[in-house]
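In what follows, a single structure is set out as structure tokens and then discussed.
The values are calculated or read from the model by the stated rules, or taken from the named source; none is laboratory data. Note that this is a predicted model, so its numbers are computed, not measured. Ideal geometry is used to build each Cβ from the backbone, glycine not excepted, and the neighbour counts take in all protein chains shown.
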Amino acid sequence: MSGCKACIYMNNAATSWPKPPGVAEAMAEAVRALPGEAGRGGIRDFDVFHEVRKELALLMEVSEPEQIALGCNSTWALNQGIFGYPLRRGDRILYSRAEHNAVLRPLHRMEKQGIRTVEVPVDRAGRLEPGVWERAVREHGPKLCVFTHASNVTGAVNDAETLTAIAKEAGADVFLDISQTLGCVPVRLSRWRVDMAAFTGHKYLLGPQGTGGLYVRPGLSLEPHMVGGTGVKSDLKDMPDEMPLRLEAGTGNEPSFHGLLAALTWRRDHPMDKASLDGVVKQLAKGLMALGCRVIVPGGAVTPVVSFSIPGVSPGDAADILTGSYDIILRSGLHCAPEVMKDIGMPGGTLRLSLSRFTTEEEVEQTLRAVRDIIESGGI
């Protein structure tokens with residue numbers, strides 16, 4: 001807990017903190033240890049990337065760990081999946097208005113290349129409604145559908161199985177962004193028949209920054225977005241065909257993946273009490289509503305995120321007070337998902353408190369007292 005001994009940390013949808021025991025130690029040991037083969041780091045005696053893939057495959061419920069390409073974060077994965085997917089001029093990509101800029105900006109670039117993109121609105125909770133989604137799929141006939149498993153703004157979890165089935169019935173492939181859900185709510189890629197999935201290690205997987213990756217179903221070949229050395233098959237002018245080498249150019253972030261492996265192992269041995277966490281989230285949301293705040297309450301399946309606004313106080317000003325005067329670490333603004341703000345009725349952005357398994361009821365009560373102080377003082 002060093003560096004934040006007295007603070008209340010509620011920014012886990014951005015980066016989780018604190019990390020589990022052993023994560024920092026595993027990273028430090030990897031830095032101190034003698035590297036193995038020069039081509040791919042220390043993988044001769046212990047292939048940390050292979051071990052991470054095996055843990056992730058169990059968590060994602062897929063049977064082919066080699067179909068998981070590891071990279072630096074979900075932004076890398078989303079760019080690789082979108083730019084590498086086989087599209088031709090005039091093809092259509094369907095996406096939701098709840099998407100992160102890591103989807104919106106690559107799609108904007110695709111439009112410049114002659115790919116047509118179609119945005120589908122979400123409801124007031126930030127969730128895709130299956131009926132709306134189905135009408136859009138039928139009307140536009142997309143080749144690829146991209147949507148987030150859960151909104152990073154409201155925490156609303158989409159029914160990925162139903163939405164994917166709708167897209168697959170129309171002949172489209174599905175690219176699911178599981179950055180906000182992997183490690184927090186169940187992810188069942190094979191059962192849902194998802195074609196690609198982007199994830200990051202530094203959120204609810206509890207790992208360090210600089211880790212993430214992309215799952216690609218067997219039979220789907222992507223054009224590598226980045227090319228370079230793989231340590232093997234160096235005589236080829238193109239990247240190797242087999243996964244995961246095809247998408248893993250260059251030296252991997254071995255120390256950070258040692259940290260991610262430690263986090264994944266710790267998580268497996270210490271299952272999260274989701275019911276308890278949901279209870280703390282409800283405590284926070286109810287308390288904010290009782291104070292007169294406008295709170296987005298999605299209902300149904302949610303991640304531990306509470307987005308709200310304080311009447312008469314801008315999100316930016318409120319966040320400055322909460323952080324500067326009360327040592328509450330949170331996010332304010334558009335949260336890199338500008339389009340969803342229109343649908344949830346918060347065009348100026350929100351205050352976002354994102355909790356974790358480590359958040360306590362006392363921390364929630366302290367946060368509520370801080371918000372009450374801001375309201376009673378008129379935001380001054």
**Request:** Among the residues of the range 212-253, write down those that are part of a helix (DSSP H, G or I) and crowded, with 20+ Cβ neighbours inside 10 Å.
**Result:** R246, L247
**Prompt:** Within the range 229-247, which residues are more than 31 Å from the chain's Cα centre (by Cα) and among the charged types (D, E, K, R)?
**Reply:** K233, D235, K237
**Message:** Looking only at the range 173-218, count every residue that is under 21 Å from L353 (Cβ atoms) and among the aromatic types (F, W, Y) and tell me the total.
**Reply:** 1
**Asked** Among the candidates A172, A197, A167, which residue alone is touching a residue at least 12 places away in the same chain (Cβ under 8 Å) and under 29 Å from N12 (Cα atoms)?
**Response** A197
**Selected residue (criterion: nearest to R88 (Cα to Cα)) from residues of the range 142-162 that are surrounded by 24 or more Cβ atoms within 10 Å (Cβ to Cβ) and among the aliphatic types (A, V, I, L, M)** = L144
**Message:** Among the listed residues E61, E37, identify the single one that is modelled with pLDDT of 95 or more and surrounded by fewer than 21 Cβ atoms within 10 Å (Cβ to Cβ).
**Reply:** E61
**Fill in**
Here the qualifying pairs (Cβ atoms under 9 Å; residues six or more apart or on different chains; first in the range 18-34 and closer than 13 Å to S256 by Cα and touching a residue at least 40 places away in the same chain (Cβ under 8 Å); second among the polar types (S, T, N, Q) and in a helix (DSSP H, G or I)) come out as G22/T265; M27/S256; A30/S256
**Request:** Considering each residue of the range 273-301, count those that are in a loop (DSSP other than H, G, I, E, B) and either among the acidic types (D, E) or not assigned by TED's automatic domain parsing to the domain that holds R357 (or both), and give that number.
**Result:** 1
**Request:** Report, by residue number, each residue of the range 359-380 that is under 14 Å from Y9 (Cα atoms) and acidic (D, E).
**Result:** E361, E362, E363, E365
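Return yes when M289 is surrounded by fewer than 18 Cβ atoms within 10 Å (Cβ to Cβ), among the aliphatic types (A, V, I, L, M) and free of Cβ contacts under 8 Å to residues at least 40 places away in the same chain and no when it is not. Lay out the reasoning, then the answer.
Details: surrounded by fewer than 18 Cβ atoms within 10 Å (Cβ to Cβ): yes; among the aliphatic types (A, V, I, L, M): yes; free of Cβ contacts under 8 Å to residues at least 40 places away in the same chain: yes.
Yes, satisfied.
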**Prompt:** Any residue at all in the range 304-319 that is in contact with a Phe, Trp or Tyr (Cβ under 9 Å, 6 or more places away or on another chain) and over 19 Å from G378 (Cβ atoms)?
**Reply:** yes
